[in-house]
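Everything on this sheet refers to the single structure shown next.
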Amino acid sequence: MQFRRLGRTNLKVSEIGFGAWGIGKAWWGHTEDALSIRALLRAFELGVNFIDTAYGYGDGHSERLIAEAVQAFRERVIVATKVPLKTRGWPPPPDTPGKEAFPSAWIIEHTEKSLRNLKTDCIDVQQLHIWRDEWVEETEWRTAVEQLKRQGKIRFFGVSLIDHAPETGLAVVRSGLVDAVQVIYNIFDQSPAQELFPLCQQMDVGVIARVPLDEGGLTGKLRPDMSLDPDTLQGFYFRGERLQETCARADRLRSFLRDGVETLPKLALQFCLSHPAVSTVIPGMRRSAHVEENCAVSGAPPLRADELAGLKAHAWPRNFYQ
Ligand SMILES: NC(=O)c1ccc[n+]([C@@H]2O[C@H](COP(=O)([O-])OP(=O)(O)OC[C@H]3O[C@@H](n4cnc5c(N)ncnc54)[C@H](OP(=O)(O)O)[C@@H]3O)[C@@H](O)[C@H]2O)c1
């Protein structure tokens with residue numbers, strides 16, 4: 001496993017991080033906790049030292065599983081979690097005041113809850129689960145972050161940006177108030193490379209690249225005739241004609257497979273790691289086989305310039321979360 005700086009935090013994070021939404025089971029359907037723990041342990045064995053979770057991933061279930069798995073690795077594992085949004089509506093409408101979305105007391109209360117779930121005294125990276133640049137000048141969230149840092153309850157602070165809208169985090173990156181940002185970045189959504197990534201490099205802000213496999217669309221494991229449970233994220237995301245179109249587009253990417261990049265998940269993860277602004281890429285993983293395949297990507301040579309140029313034509317702007 002190779003490691004990269006998480007921007008100004010100077011933390012050395014594994015290129016492949018562990019996306020821990022699925023193990024929380026919230027909206028991902030049932031999975032056995034024992035399998036999730038095994039996947040986490042396998043990831044630690046293979047050198048993964050960065051986990052991204054959230055209080056919202058099963059009301060702390062994902063955090064509690066991480067606390068259980070991490071015991072023997074606590075000294076070297078870096079955990080990032082998130083404060084849930086207080087108001088309704090996802091994403092919050094532009095006129096939502098920051099002091100209502102993330103009141104100070106709410107940020108502090110949920111940080112305390114996450115500390116208990118994670119069985120730790122200090123969260124390495126606390127993030128707001130969603131962000132709007134309209135809030136950048138507000139004091140409410142800043143007061144809580146300053147207090148938590150002063151008390152040693154969080155080491156670093158970041159924000160997770162609105163789906164497919166990297167431009168909604170440019171002001172906060174420019175403000176110098178965040179140590180890291182989390183953003184959707186994958187072969188279908190290459191938009192962060194336009195403005196956000198160069199700005200993060202300039203401001204030395206760490207980049208956590210999320211949803212690298214397009215919620216499964218870039219794994220090559222979906223089939224157009226599959227029946228997905230409509231009550232799960234994937235059933236919602238790939239509903240109707242979407243599944244067929246996604247499979248067709250993923251199939252077209254097979255022409256990029258070669259020695260060293262033998263599968264679509266490898267291509268998708270290599271794509272993310274080929275951008276120098278990316279500190280870590282966090283595929284969601286619930287099983288050890290996926291952990292092994294994904295960890296094998298780290299340290300492989302980056303995709304060639306001609307491959308990256310070719311992949312530009314496969315960008316597919318759309319929002320399946322709506
Ligand atoms: N708003 C936010 O802040 C936000 C939103 C979304 C995600 N996130 C974070 O980003 C992480 C990643 O996103 P995600 O989990 O939603 O989506 P993702 O990483 O794009 O895709 C996850 C899916 O890919 C499958 N997978 C992983 N490796 C595979 C492999 N090698 N071969 C075949 N299938 C593979 C997983 O299967 P298994 O689960 O069966 O292993 C799961 O079905 C989340 O876990 C979470 O930490 C944050």
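Brief remarks follow.
- All positions within the range 158-175 that are closer than 20 Å to THR81 by Cα and either more than 10 Å from the ligand (Cβ to nearest atom) or buried (at least 24 other Cβ atoms within 10 Å of the Cβ) (or both): GLY158, VAL159, LEU161, PRO166, GLY169, VAL172, VAL173
- The range 283-303 residues that are more than 7 Å from the ligand (Cβ to nearest atom), paired with ones that are of a type in the set (Ser, Thr, Tyr) (beta carbon under 6 Å, 6 or more apart): PRO302/SER274; LEU303/SER274
- Applying a threshold of 7 Å to beta carbon distances and a minimum spacing of six or more residues, or different chains, the list of pairs starting in the range 209-234 at a residue that is more than 16 Å from ASP163 (Cα to Cα) and ending at one that is within 10 Å of the ligand (Cβ to nearest atom) and among the hydroxyl-bearing types (Ser, Thr, Tyr) reads GLY220/THR263.
- Note on the range 197-229: residues that are within 15 Å of the ligand (Cβ to nearest atom) and either outside any loop (DSSP other than H, G, I, E, B) or charged (D, E, K, R) (or both) total 11.
- Applying the set (1) under 30 Å from PRO198 (Cα atoms); (2) free of Cβ contacts under 8 Å to residues at least 24 places away in the same chain to SER14 leaves exactly one unmet item: (2).
- Selection status of VAL125, of a type outside the set (Asp, Glu), within 25 Å of LEU11 (Cα to Cα) and either touching a helix residue (DSSP H, G or I) at 6+ places or on another chain (Cβ under 9 Å) or surrounded by fewer than 22 Cβ atoms within 10 Å (Cβ to Cβ) (or both): yes
- Residue count, the range 64-105 (criterion: crowded, with 16+ Cβ neighbours inside 10 Å, part of a helix (DSSP H, G or I) and either in contact with a strand residue (DSSP E or B) (Cβ under 7 Å, 6 or more places away or on another chain) or aliphatic (A, V, I, L, M) (or both)): 6
Readers should treat all values here as calculations from the given coordinates under stated rules, not as data from a laboratory. What you see is a predicted model; the values in this text were computed from it and never measured. Heads up, the Cβs are rebuilt from the backbone with ideal geometry, glycines too, and the neighbour counts pull from every protein chain shown.
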